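Taken together, the values in this text are just the output of simple stated rules run on the coordinates, not laboratory data. All of these numbers come straight from a predicted model, not from anything done at the bench. Here the Cβ is made from the backbone with ideal geometry for all residues, glycine too, and neighbour counts use every protein chain on show.
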Amino acid sequence: MSIPKIRYAITGYLEISVEGRATEKFINLAMHQGIPLWNIRHGAEYAVLNTDVDSFFDLRHLAKRSGCRLRIRRKAGLAFLVSRLNRRRGLVAGLLIFVATLYTLSSFVLFVSVEGNERLKAEHIRRLAADAGARPGVAKWRLNKDEVAHQLILAEPELAWVGVQIRGTRMVIEVKEKIKSPVAFEQPGHLVAAKDGLVDEVLVISGVARVAPGDTVSKGQVLIEGALRPQAEQGGTTVPQTVAVRARGEVWARVWYEGYGEAALLETERVPTGRHVAVWTLLVDGQPVLRVGRRQVPYLDYEQSAVRSAIFKGILPFPVELVTESNYEIERRKQRLTLKQAHELAAERARFLAEIQLPGGVAVENVAVTNQNPGREGFVGVRHVLETRENIAEDENPGGD
Amino acid sequence: MSGKGAGKWRQSLADLLELPREIVLNLPRLTVIGNLQCYLENHRGVIEYSSEKVRLSVNGGEVTISGSDLVIRYLGSEEVAIDGTINTVRYEF
């Protein structure tokens, strides 16, 4: 391929039409002279071809010799574009100024925002950052992020980690406060039962056990007493004093969680119909400013859900919120159940109620499901009991250890 | 070309020395890519061209390329490139 199309796209080329009887002769002459031609096609009346600008002059002569008429259809190429732009210098200058201004302005930090602070005030951190040299208006290239982070950690002892990020013109200071490890104070105290249960095993680390396997304990009962009674020395006359200590140990017991569920043979179901209306409220700084939507909900029975979204956060100094309340129409449908279905429904409700009482991570040892007389007509009752084995010892006054 | 006898001698010489035949015999070399592109080297001019038929003059005869939407992508003094949907390539020697 010896036509550098890219070169001609820059220096400029023409699309011309050739009309006449002997267009082939014209093309052959041009070809022999070494004039670059490309994209030659012949239509009904005339031929069209592309050639470069400098050769056009020679082509004119050839056309005369072969009896053809030339016409320029299109001028293309970067060179033509540049000459067009030259006539509109103002446009070009304005564009360049715009780009330069945008670039310059974006090289400064315009906003400083703080994230991740829970105990410390954002204003406080901002002031510390400003002391370290990071304030709105400072040039980005003169700012050392690591230096600022370092200064902040040194200045505020409550901070565990500081990260400084520059996103565009906004500087985000992410902080993580220190988590105070709770002081393990050695105040004397007993271990009491957190729940009712049947004691299975007692492990004492320090203190004296007050219950034995097989005992039934109730919530709050003292399981391990925080006292040490040193043994009397052999042959000693004085009774040694009991020392008050913090009770430590585990008491494993069987705990039962019970759930009771009922189902009626004539169940009322709440089904959403799909229709809903929405009400929008705009809150500025906590005050409702604008409310769009119906005042009254036109449905008999409905369920409401509200979505709050904070807009303009970080841009305006006061909080602006948009609250969308969606009211979904509910239809109450009566359904007749068979005895078996009602039974299943009641069992399901009982199971659910029992299982939500379970603390996390506890294995269920035994499950007992029994029917229970609900005590009223047209209802079915089911009792679901879960048995677990847990450590029910807890500190008398939590807050230590 | 000076007759069939001399042509044969030149052909044997080309084979012996493993020279490309089109240079020794001054014949056209045609490269066809699928039915999309055709590249002919060593031609002598364009006889006729339209979007259905392109006729090129070569040493010894003619080459006719017929098809549809034919465009002469490049025309140089030694080679020519034709784009389009090519149906037939015909040699007339």
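For region A:274-331, the convex hull spanned by the alpha carbon atoms encloses 75 Å³ per residue.
Using only the Cα atoms, what convex hull volume per residue in Å³ does chain B have? List each step's numbers first, then the result.
On the way: hull volume 8.6 nm³, N = 93.
In chain B, the Cα hull volume divided by residue count equals 92 Å³.
Straight-distance candidates among the aspartates and glutamates for linking to A:Lys195, with alpha-carbon spacing under 12 Å and chain neighbours fewer than 8 residues away dropped: A:Glu390, A:Glu394. Across peptide A:34-42, the average count of Cβ atoms from other chains found within 10 Å of a residue's Cβ is 6. For chain B, a simple Cβ point-charge model (Lys and Arg +1, Asp and Glu -1, everything else neutral) yields a dipole of about 320 debye relative to the Cα centre. Comparing A:Glu377, A:Glu348, A:Glu177 in a Gaussian network model of chain A where C-alpha atoms under 10 Å apart are linked, the largest mean-square fluctuation is found at A:Glu377.
For the pairs A:Lys121/A:Lys145; A:Lys121/A:Lys180; A:Lys25/B:Lys53; A:Lys25/A:Lys64; A:Lys121/A:Lys176; A:Lys25/B:Lys8, note any where the Cα-Cα span goes beyond 23 Å.
Details: A:Lys121/A:Lys145 21 Å; A:Lys121/A:Lys180 18 Å; A:Lys25/B:Lys53 16 Å; A:Lys25/A:Lys64 12 Å; A:Lys121/A:Lys176 13 Å; A:Lys25/B:Lys8 34 Å.
Violating the 23 Å Cα-Cα cut-off are A:Lys25/B:Lys8.
Just the ratio, please: alpha-carbon radius of gyration of region B:23-67 over 2.2 N^0.38 Å, N its number of residues. Working shown, then result.
Values: Rg = 10.8 Å, N = 45, 2.2 N^0.38 = 9.3 Å.
Expressed relative to 2.2 N^0.38 Å, the Cα Rg reads 1.15.
Across peptide A:326-334, the mean count of Cβ atoms from other chains lying within 10 Å of each residue's own Cβ comes to 0.
So what's the net charge close to A:Glu201: Lys and Arg +1, Asp and Glu -1, counting the other residues with Cβ under 13 Å from its Cβ?
Numbers: positive: A:Arg254, A:Arg389; negative: A:Asp200, A:Asp215, A:Glu250, A:Glu390.
So the environment of A:Glu201 carries a net charge of -2.
A helix-only calculation puts chain A at -7000 deg cm²/dmol for mean residue ellipticity at 222 nm, using -39500 (n - 2.57) for each DSSP H run of at least four residues, averaged over all residues. Taking every full run of DSSP H in chain A, the ones that stretch at least 18 Å from end to end by Cα along their long axis and average 1.0 or higher on the Kyte-Doolittle scale are A:89-105. log10 I(q)/I(0), Debye, Cα-only chain A, no solvent, q = 0.08, 0.09, 0.12, 0.14 Å⁻¹? Result of the Debye calculation: -0.92, -1.00, -1.12, -1.17. The distance from the alpha carbon centre of region A:120-162 to that of region A:32-89 is 65 Å, rounded to a whole number.
With +1 assigned to the C-beta of every Lys and Arg and -1 to the C-beta of every Asp and Glu, and no other charges, what is the dipole magnitude of the protein assembly as shown about the Cα centre in debye, to the nearest 20? Before the final figure, lay out the partial values.
On the way: 64 positive and 59 negative charges, 786 e Å.
With Lys and Arg at +1 and Asp and Glu at -1, about 3780 debye.
How many angstrom separate the Cα center of region A:14-29 from the Cα center of region B:64-82? Between the Cα centre of region A:14-29 and that of region B:64-82, the gap is 15 Å.
Toward the positive end of the charge dipole of the protein assembly as shown, with +1 on the Cβ of Lys and Arg and -1 on the Cβ of Asp and Glu, the farthest Cα among A:Val208, A:Leu265, A:Ala9 is that of A:Ala9. Considering only A:Gly375, A:Gly197, A:Gly163, the mean-square fluctuation computed in a Gaussian network model of chain A, springs between alpha carbons under 10 angstrom, is largest for A:Gly375.
Size of region A:1-82: Rg and Dmax of its alpha carbons, in Å, are 12.3, 37.
Taking only the Cα atoms of region A:68-222, the ratio Rg/Rh comes out at 1.52, with Rh defined as the Kirkwood radius. Evaluate the relative contact order of region A:256-312 (contact order divided by residue number), counting alpha-carbon pairs under 8 angstrom at least 6 apart; express in whole percent. RCO, region A:256-312: 19 percent.
Shielding of B:71-84 by partners, i.e. mean partner chain Cβ atoms within 10 Å per residue? Working shown, then result.
Details: counts 7, 9, 8, 10, 12, 9, 7, 2, 2, 2, 3, 1, 2, 1.
Mean number of neighbouring Cβ atoms from other chains: 5.
Sort B:Lys53, A:Lys180 by Cβ crowding within 10 Å, fewest neighbours at the top.
On the way: B:Lys53 17, A:Lys180 8.
Ordered from fewest to most neighbouring Cβ atoms within 10 Å, B:Lys53, A:Lys180 come out as A:Lys180, B:Lys53.
Considering only A:Lys25, A:Lys334, A:Lys145, the Gaussian network model of chain A with Cα springs below 10 Å gives its largest mean-square fluctuation to A:Lys25.
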